[in-house]
Amino acid sequence: MFGKKQPMQMKIPSGKGSKAAKIVIALMVLAVLVANSYYSIQEEEQAVVCTFGSPKAVTTPGLHFKAPFVQTVTKVNTTIQGFPIGYRQDEGEDEEDALMITSDYNFIYVDFYVEYRVTDPVKALYASEKPDLVLKNIAQNCIRTTIGSYSVDSVLTTGKNEIQSNIKQMILDKLESYDIGIQLVNITIQDATPPTAEVENAFKEVETAKQGKETALNNANKYRNEQIPNAEAESDKILQDAEAKKQERINEANGQAARFNSMYQEYAKYPEVTKKRMFYEAIEDVLPDVKVVIEGEGGQTTTMLPLDSFVTQDSSLAGETGSPADDAEEEAQEE
């Protein structure tokens, strides 16, 4: 009943069936070869083609050919990528990475975001197993070293830009020495908070006061910039008025000097007559309503002459007899 099993025998088709099967197999092999003989690179990618263990970077986007089953192709993303330090995007705050100590021995939570990109795909694949993890470890070391050299006030308020700049430069220097094929693009402080709510509120009040100070300074500078042109214009006006008055006084003084010189020439010719005439003319100007009393010998008043009569005399009479001052002088001499 249970006899010895006979071995299975495969019947190889012969004739036309065998020939068709061979053609099908050949086409399948050819399809596999064709499918493994080309690859494409996108704009945001670079490729590493490895031939018998020797890698070579291919950076030109488009369709490329390779030797099937001999060359292997690994594509690398060259766009800007990033990862957080101090928090997880899906879970929130990561206290272990975020908690740091400052130079004044205060604890503080600081969150960072690191951006990087691949610059050498061959080194990114073969210089280290996980270059992004190496970058993260370098960044954490540089962050803690830098934060530890600043006070808590600087980290929370005024020193953020300087801290970011120092951390970035430190990471760039270390990446250059490691040479793992990636480059730091930027690192930014996402958030910085004290460990307690009371301290956080106090720092917020300090920041508000500093902003108020800046606002007051800006308003003061604005007022100063508005008032300075007005003051300069007023100063120019005063100077111009002073210059005009100065010129007026100079002209007046020159006129008086010329008049004095002319009068002196007359005085040099007839000193006594000119002196008396100057006296009477001065009296006319200063006291136009004064009356002149001429007193004779023995203290007797002989004549009283009103000074305004000199002014009302007829011009023709003045031409014949001379000036009123001369007439007065002659009358006085006769008395």
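The values are calculated or read from the model by the stated rules, or taken from the named source; none is laboratory data. Model, not experiment: these values are computed from the prediction. In this analysis, Cβ positions are derived from the backbone assuming ideal geometry, glycine residues included, and neighbour counts consider all displayed protein chains.
When Val185 is tested against the conditions (1) assigned to a helix (DSSP H, G or I); (2) surrounded by 11 or more Cβ atoms within 10 Å (Cβ to Cβ), the lone failure is (1).
State yes or no: is Ile143 in contact with a Cys (Cβ under 6 Å, 6 or more places away or on another chain) and assigned to a helix (DSSP H, G or I)? No. Scanning the stretch 40-50 for residues that are modelled with pLDDT of 85 or more and over 45 Å from the mean Cα position of the chain (by Cα) yields a total of 3.
Of all residues in the stretch 76-86, which are assigned to a strand (DSSP E or B) and buried (at least 16 other Cβ atoms within 10 Å of the Cβ)? Step through it out loud before you land on a result.
Going residue by residue through the stretch 76-86, those that are assigned to a strand (DSSP E or B) are 76-77, 81-85.
Within the stretch 76-86, Val76, Phe83, Pro84, Ile85 qualify.
Applying the set (1) in a helix (DSSP H, G or I); (2) crowded, with 17+ Cβ neighbours inside 10 Å to Tyr150 leaves exactly one unmet item: (1).
Within the stretch 267-288, is there a residue that is assigned to a loop (DSSP other than H, G, I, E, B), modelled with pLDDT under 80 and exposed (fewer than 10 other Cβ atoms within 10 Å of the Cβ)? No: zero hits.
Lys213 - would you say it is outside the structural domain of Val152 (by TED's automatic domain parsing), at pLDDT 85 or above and under 30 Å from Lys160 (Cβ atoms)? Yes, satisfied.
Can you find even one residue in the stretch 71-84 that is more than 37 Å from the chain's Cα centre (by Cα), free of Cβ contacts under 8 Å to residues at least 24 places away in the same chain and not assigned by TED's automatic domain parsing to the domain that holds Leu175? Steps first, answer last, please.
Filtering the stretch 71-84 for residues more than 37 Å from the chain's Cα centre (by Cα) gives 71-77.
So of that shortlist, the ones also free of Cβ contacts under 8 Å to residues at least 24 places away in the same chain come out as 71-72.
Now narrow it down to the ones that are not assigned by TED's automatic domain parsing to the domain that holds Leu175: 71-72.
Within the stretch 71-84, one or more residues are more than 37 Å from the chain's Cα centre (by Cα), free of Cβ contacts under 8 Å to residues at least 24 places away in the same chain and not assigned by TED's automatic domain parsing to the domain that holds Leu175.
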